[in-house]
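Okay, structure first, notes after.
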Amino acid sequence: MTTTAGTTTAGTTTAGTAVAEPVRSDRTAALADRLRRAVGTERVLTDRTQVRTYECDGLANFKVTPAIVVLAESRQHVVDTVRLCAEAGVPFVARGSGTGLSGGALPSADGVLLVLSRLRTLSPVDADNRQVTVEPGVINLWVTRDAAPHDLAYAPDPSSQLVCSIGGNVAENAGGAHCLKYGFTVNHVLGAEVVLPDGEVVHLGGRAPEHPGYDLLGAFIGSEGTLGVATELTLRLIRVPEAVQTMLVGYSSVEDAAGTVSDIIAAGILPAAVEMMDALAIEAAEAAVSCGYPEGAVAVLVIELDGPRVEVEAQFAQVEEIARARNAFETRIAADDAERALMWKGRKSAFAAVGRISPSYFVQDGVIPRTKLPEVLTEMKRMADEKGLRVANVFHAGDGNLHPLVLFDDAVEGQAHEAEELAGDILELCVTSGGSITGEHGVGSEKRMKMAKQFTPEDLDTMQLLRCAFDPDGIANPGKVFPTPRLCGERPGVRKGEHPVQAAGLGEVF
Amino acid sequence: MTEITPGSHDQGDAPPPGSPGASPNVGPVRDSVADLPAGAPTGAVRAADEAPSAVVGARRPLDIGQDIDLPAGTGAATVGTSTLLGLPSTRQAVQPAFDDHHPPDPALIGDCVHCGFCLPTCPTYVLWGEEMDSPRGRIYLMKEALEGEPLDDSMVRHFDQCLGCMACVTACPSGVQYDKLIEATRPQIERRYQRSRAEKFYRDLIYNLFPYPRRLRALRGPLRAYQASRLGSLLTRTGLMSKLPGPLMAMESLAPKLGPVERVPERTPAAGQRRAVVGLLAGCVQGTFFPDVNAATVRVLAAEGCDVITPRRQGCCGALPGHGGREEQALDFAKRTIETFEQAGVDYVVVNAAGCGSNIKEYGHQLRDEPEWAERAEALARKSRDISEFIVEMGPVAERHPLPMTVAYQDACHLAHAQGIREEPRKLLRGIPGVELKQIAEAELCCGSAGTYNMLQPEPARELGERKAAAVLATGADLMVTANPGCWMQVATTLARMGKRMPVAHTVQVLDASIRGVPVEDLLERALTGPGTALARAATSDG
């Protein structure tokens, strides 16, 4: 038998309580019926118990219960869902594995959450052209796994690569430890099939490495689901480098570790990755995965070089020398893949591992100029001390991408608020130091208010013009990225007169 | 060049073959991993329509003969459809969901940071790709319940669908003790939620039969007679088998071939110098359906210098009812097991079934409320060892004779995930001259047996079984080795249903053969056709 989702189980209960009707409005109730007819009853969830498990993504302190969850299994399901949402004027939010750290997949209340985790086909790897086409729910690591037999790999490697989806990576323009050398997701997507917010299917980019005209694919990548939903992505694969060498270096001071990073780059060496962890982050990683990092280290660097063997060997010696000159007290070189994996395991599990040394924490993501590392860290420490909080630091030191983890105890009254404030202050510190409010996690729900710190109202309005070109009704992931949700054509309160872009004859209000 | 072109969404949306809309049955059986979808660890959907010509130059790979079937049952577990084979929903909403007797601990729930690292190793998430059938989602459901949401049909269903394989415990970087959480949740369901009459009947049948070796033994006679007759084939051929209720059908198909029982003496002296006195937990299913394994265990232990005591009056250790949420029954069994081995006066209790081993190691936690038992429970837990763990710890001394063959070692979840024992059995197997180990793909993924799961949730269990069987076959190994009767039955019967046969043995049987110098051909022959192996009946109840 089938209990149709949405027909609520109001019945006898031991305590005599009926289940609350989950559908919030007539509008969504009617939409749920139409969706069931279009994509199948079993793919449309409205049962309160079930939809509540989709309240948040990897950022669990923002929660919104969606009215409807659609579990799409084909492009057609995505098209049908988006088109029905557009017809009904109901907002939709696309979601992959739900591991994002900025609340980018936070549902819209009274809206549809379009789950793409079942769209997980990888087509066979096109080894000659070093490409592969995948569906958005495919897990990042599966791409490299399928490419490996051809000596190929997918370069972007966020720490959550074994669970995060390619669709989510594209939405947030995900980075990873190796983007210092290889670039972000935007550098590795050749083409995308996109369902626009009115249900139309378009192709951005293609399979050739470069395309003339406006880079709409570039605009789409990192747009956090506000321009449409990708249903298929063609990815660039890289050759697995001939040689990879990894070292783990322990320091007694953060300044020395940071100085090493700058010295390496100044010497003209471009490592595949340079990662830094401070004492607290090391403690957490040790507790979680026993990675055996140097004892007593105030900071460690994980430095990886890859490329032709001869080059790697020569540069590796050079890096060792630079580290020594910066007072490294222990340098370990990974003898084999297992040792290298252990060095990385400590780094990659650091976020979640912090759960072992603190009841709660915020993961922050900001960028600063690499050379400002020591002073920003000192200032951050001062700010944390002032609030009586601890901050663990994990970062992609090579490109100045910080991941401060603000630790707090939510059982202590008011501490969560203090921590949130500190996390916000750290971002402002990044901006005033000449950096940015996000390196790779995206703006999402969490940082949209900070966009006003980084951009002028005119900048933001210009971005709105682009968004409105794709989504004039503002139904695709509304309430994300921009500080104030605004309808297309609506004039922001702070600005008087004509939009500067319009005045210059460069654009129009949609 | 970059183009934006209108899409082709008007070109139809035929359900892909094998999808629930297309066929209610299992998709075609695949012969090897090479035939598995390129999207490997998951099932996948074929793109339903053609690509427009917008893409520069090349053909889209999806057009080039990719034909991927959606795993049967995708969606079946989702919304309303009851997976318990059409048993009716009970339409309850128990509130509050949990009572005060050990509800899931909010502090343990708080350890989950919602990172999602557990998702790819969760068998049900791999099958269905939905949040509420993932560890993270189930923890979220527990949290909802603690916050006041009722224990309703859908919540119960998603807890029931958890195999309890604990792969998520291995995967979790935050150290969330999902094992403690789900084990606290299940008794709440059994106590507070009223199952439908039919489901209650099947559960009572299972839990009043399997944990009782004597009742199981009583069943051996009729079952052997049934197996000797051709009734099973007849039922299958006439289609009557498929008319049996699902759990019965599952039980019928899982019953392994029975042979004469090799009696294990109550006391077996050590060969040579005595190094330890150990007790053997004979187990209920292991002892009845796989008596060879117990006999082999005793021989190996004796050869390694142990006096082996196999107490006559032992029963189920409580694993089966415990993992099913039948707390009272489980605790009774635990107490009896504790008494039995206290009286036996042994240094160690050796267990050769992974599920039982992990349960006994939890005795201290299970009996924490009962002052007269807590310490004794903890003491027994400390003495308990899996057979492979024990031999490695002691250091093997008996001479190994060569067994030139390739072996695919399948990790039992309750050994690898629940007890963290992965290296020891491999080390012992590699210690046999001539044995070459083959890696099974997706080793961390449960085979679907999971205690009583394959009887209570036959559909997902079957899909997982086929996945595992295909992965095992793809190794091309001469022999599959595992350390749990459930995994053995599950994979062996799945292979038989697929029309494939492969020798299967317990780790300790391989060690025994090596120590006794049994020729490799004899070992493989017995592992293919001897007791415990699947009945070859290729035409199947689901075909």
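Filter the helices (runs of 4 or more DSSP H) completely within the range B:108-200 down to those with at least 3 residues that are in contact with a Phe, Trp or Tyr (Cβ under 8 Å, 6 or more places away or on another chain) and either within 18 Å of B:ARG91 (Cβ to Cβ) or open to solvent by less than 20 Å² (accessible area, probe 1.4 Å) (or both). Please lay out each step first, then the result.
Working: elements: B:123-128, B:135-146, B:153-160, B:167-171, B:178-192.
Output list reads B:135-146, B:178-192.
Output the residue which, of all residues in the range A:120-129 that are outside any strand (DSSP E or B) and at the interface with chain B (Cβ under 7 Å from one of its Cβ atoms), is nearest to B:VAL126 (Cα to Cα). Spell out the reasoning first.
Residues of the range A:120-129 that are outside any strand (DSSP E or B), as a first pass: A:120-121, A:123-125, A:127-129.
With the extra rule that they be at the interface with chain B (Cβ under 7 Å from one of its Cβ atoms), the set shrinks to A:120-121, A:123-124.
Values: A:ARG120: 11, A:THR121: 13, A:SER123: 19, A:PRO124: 20 Å.
Ranking the qualifying residues of the range A:120-129, first place goes to A:ARG120.
Could you list, in sequence order, the residues of the range A:347-377 that are β-branched (Val, Ile, Thr) and either within 14 Å of chain B (Cβ to nearest Cβ) or touching a residue at least 60 places away in the same chain (Cβ under 8 Å) (or both)?
Step one: filter the range A:347-377 for residues β-branched (Val, Ile, Thr), giving A:354, A:357, A:363, A:367-368, A:371, A:376.
Those that are β-branched (Val, Ile, Thr) and either within 14 Å of chain B (Cβ to nearest Cβ) or touching a residue at least 60 places away in the same chain (Cβ under 8 Å) (or both): A:VAL354, A:ILE357, A:VAL363, A:VAL367, A:ILE368, A:THR371.
I'd like to check something: does the range A:242-255 contain any residue that is surrounded by fewer than 24 Cβ atoms within 10 Å (Cβ to Cβ), hydroxyl-bearing (Ser, Thr, Tyr) and either assigned to a loop (DSSP other than H, G, I, E, B) or within 14 Å of chain B (Cβ to nearest Cβ) (or both)?
yes
Quick check on my filter: what residues within the range A:130-154 are assigned to a strand (DSSP E or B) and closer than 18 Å to A:GLY168 by Cβ? Please lay out each step first, then the result.
Residues of the range A:130-154 that are assigned to a strand (DSSP E or B), as a first pass: A:131-134, A:139, A:152-153.
Residues satisfying the conditions are A:VAL132, A:THR133, A:VAL134, A:ILE139.
Looking at B:LEU524, B:LEU511, which one is open to solvent by less than 20 Å² (accessible area, probe 1.4 Å), more than 24 Å from B:ARG220 (Cα to Cα) and touching a residue at least 60 places away in the same chain (Cβ under 8 Å)? Can you show your working first?
Numbers: B:LEU524 fails: open to solvent by less than 20 Å² (accessible area, probe 1.4 Å).
Exactly one residue qualifies, and that residue is B:LEU511.
Identify, by number, the condition in (1) open to solvent by 30 Å² or more (accessible area, probe 1.4 Å); (2) part of a helix (DSSP H, G or I); (3) of a type in the set (D, E, K, R) that A:ARG347 doesn't meet.
(1)
Being out of contact with any strand residue (DSSP E or B) (no Cβ under 7 Å at 6 or more places or on another chain) and more than 22 Å from B:ILE360 (Cβ to Cβ), is that true of even one residue in the range B:411-427?
Taking the range B:411-427 as the starting set, the residues that turn out to be out of contact with any strand residue (DSSP E or B) (no Cβ under 7 Å at 6 or more places or on another chain) are B:411, B:413-414, B:416-418, B:420, B:422-424, B:427.
Then drop every residue that is not more than 22 Å from B:ILE360 (Cβ to Cβ), which leaves B:427.
Among the residues of the range B:411-427, at least one is out of contact with any strand residue (DSSP E or B) (no Cβ under 7 Å at 6 or more places or on another chain) and more than 22 Å from B:ILE360 (Cβ to Cβ), which makes the answer yes.
Here is a check on your reading of the model: is B:PRO425 open to solvent by 40 Å² or more (accessible area, probe 1.4 Å) and modelled with pLDDT of 95 or more? It would help to see each step written out before you state the result.
Numbers: open to solvent by 40 Å² or more (accessible area, probe 1.4 Å): no; modelled with pLDDT of 95 or more: yes.
The answer is no for B:PRO425.
Between A:VAL354, A:VAL391, A:VAL376, which is modelled with pLDDT of 90 or more, in a helix (DSSP H, G or I) and closer than 26 Å to A:LEU59 by Cβ? Give the steps one after another, and end with the answer.
Working: A:VAL354 fails: modelled with pLDDT of 90 or more; A:VAL391 fails: in a helix (DSSP H, G or I).
Answer to the selection: A:VAL376.
Scan the range A:305-334 for residues that are open to solvent by less than 80 Å² (accessible area, probe 1.4 Å) and in a loop (DSSP other than H, G, I, E, B) and jot them down.
Answer for the range A:305-334, where residues must be open to solvent by less than 80 Å² (accessible area, probe 1.4 Å) and in a loop (DSSP other than H, G, I, E, B): A:PRO308, A:ARG326, A:ALA328, A:ALA334.
Considering only residues that are over 22 Å from A:GLY168 (Cβ atoms) and either modelled with pLDDT under 95 or within 8 Å of chain B (Cβ to nearest Cβ) (or both), which ones fall in the range A:182-218? Step through it out loud before you land on a result.
Filtering the range A:182-218 down to residues over 22 Å from A:GLY168 (Cβ atoms) leaves A:198, A:200, A:206-214.
Hits for the range A:182-218 are A:GLU200, A:GLY206, A:ARG207, A:ALA208, A:PRO209, A:GLU210, A:HIS211, A:PRO212, A:GLY213, A:TYR214.
For the range B:134-144, give me each residue that is within 9 Å of chain A (Cβ to nearest Cβ) and either within 20 Å of B:GLU190 (Cβ to Cβ) or among the small types (Gly, Ala, Ser) (or both).
Of everything in the range B:134-144, those that are within 9 Å of chain A (Cβ to nearest Cβ) and either within 20 Å of B:GLU190 (Cβ to Cβ) or among the small types (Gly, Ala, Ser) (or both) turn out to be B:SER134, B:GLY137, B:ARG138, B:LEU141, B:GLU144.
Please specify each residue of the range A:45-57 satisfying the condition of being more than 7 Å from chain B (Cβ to nearest Cβ) and surrounded by 24 or more Cβ atoms within 10 Å (Cβ to Cβ).
Within the range A:45-57, the first condition is being more than 7 Å from chain B (Cβ to nearest Cβ), and the residues that meet it are A:46, A:48, A:51, A:55, A:57.
Those that are more than 7 Å from chain B (Cβ to nearest Cβ) and surrounded by 24 or more Cβ atoms within 10 Å (Cβ to Cβ): A:THR46, A:ASP57.
Could you figure out which of (1) at pLDDT below 95; (2) within 10 Å of another protein chain (Cβ to nearest Cβ) isn't true of A:TRP142?
(1)
Working only within the range A:58-112, note down all residues that are more than 10 Å from chain B (Cβ to nearest Cβ) and in a strand (DSSP E or B).
Selection gives A:PRO66, A:ILE68, A:VAL70, A:PHE92, A:VAL93, A:ALA94, A:ALA109, A:VAL112.
Which number in (1) polar (S, T, N, Q); (2) under 20 Å from A:GLU193 (Cβ atoms); (3) open to solvent by less than 20 Å² (accessible area, probe 1.4 Å) marks the one condition that A:SER102 misses?
(2)
May I ask you to verify whether A:THR99 is out of contact with any helix residue (DSSP H, G or I) (no Cβ under 6 Å at 6 or more places or on another chain) and free of Cβ contacts under 8 Å to residues at least 24 places away in the same chain? Spell out the reasoning first.
Values: out of contact with any helix residue (DSSP H, G or I) (no Cβ under 6 Å at 6 or more places or on another chain): yes; free of Cβ contacts under 8 Å to residues at least 24 places away in the same chain: no.
Judged against the criteria, A:THR99 is not a match.
Counting just the residues of the range A:259-296 that are of a type in the set (Asp, Glu) and open to solvent by less than 40 Å² (accessible area, probe 1.4 Å), which one comes out nearest to the other protein chains (Cβ to nearest Cβ)?
Let us first name the residues in the range A:259-296 that are of a type in the set (Asp, Glu), namely A:263, A:275, A:278, A:283, A:286, A:295.
Those left that are additionally open to solvent by less than 40 Å² (accessible area, probe 1.4 Å): A:275, A:278.
Working: A:GLU275: 16, A:ASP278: 18 Å.
Among them, the one singled out is A:GLU275.
For the subset of the range B:184-207 comprising residues that are of a type outside the set (Phe, Trp, Tyr) and over 15 Å from B:GLY325 (Cβ atoms), which member is nearest to the chain's Cα centre (by Cα)?
Let us first name the residues in the range B:184-207 that are of a type outside the set (Phe, Trp, Tyr), namely B:184-192, B:194-200, B:203-206.
Next, only the ones that are over 15 Å from B:GLY325 (Cβ atoms) stay: B:196-198, B:205.
Details: B:SER196: 25, B:ARG197: 26, B:ALA198: 24, B:LEU205: 19 Å.
Checking each candidate, the answer is B:LEU205.
Considering only the range A:177-199, state which residues are buried (at least 24 other Cβ atoms within 10 Å of the Cβ) and on the phi > 0 side of the Ramachandran plot.
The answer is none; no residue qualifies.
The values are calculated or read from the model by the stated rules, or taken from the named source; none is laboratory data. Because the structure is predicted, anything quoted here is derived from the model rather than measured. Ideal geometry is used to build each Cβ from the backbone, glycine not excepted, and the neighbour counts take in all protein chains shown. These area figures cover heavy atoms from the full protein model, side chains too; ligands, DNA and RNA do not enter into them. Shrake-Rupley method; radii C 1.70, N 1.55, O 1.52, S 1.80 Å.
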